[in-house]
Amino acid sequence: MGKKKEPDLSKMSQLLLSGATMLGESCPDCAVPLFKKNENIFCPNCERKAVYIKNKDEIKKIEQTISLGDATNQLRDVLIGKITLLTNQLASEDTPNEITNTLEIIEKILNIIQKIS
Ligand SMILES: [Zn+2]
């Protein structure tokens, strides 16, 4: 872990004079602005190269979509299994009430499957 210390302003101005540019982002460890020189991004305070994830939010979103996709796939498999079960049940039912109840449940499940497909 980077130790918190006062930003070295003379070092920072030297970096600017040497052609480095100060970035809008700051170091996650010490909150000092990050510098960029020769395509390297680094913290002048921690004297470490910064690992720079540009589209952090975008990556997060993609990860969420992937895990949600896994969950919905799993749900779909379970629901299809339930429909098979209910269809077998329906075959053995002979009162209108039972049949209606079972069909309502199947309808609900089909709606969910449609929504997540
Ligand atoms: Zn730093």
May I ask you to say which residue of N97, N73 is over 30 Å from the mean Cα position of the chain (by Cα), modelled with pLDDT of 80 or more and more than 16 Å from the ligand (Cβ to nearest atom)? N97
Go through the range 93-117 and report how many residues are more than 17 Å from D77 (Cβ to Cβ), outside any loop (DSSP other than H, G, I, E, B) and touching a helix residue (DSSP H, G or I) at 6+ places or on another chain (Cβ under 9 Å). 5
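The values are calculated or read from the model by the stated rules, or taken from the named source; none is laboratory data. Everything numeric in this text was worked out from a predicted model, so none of it was measured. Positions of Cβ are generated from backbone atoms using ideal geometry, with glycine treated the same way; all protein chains shown enter the neighbour counts.
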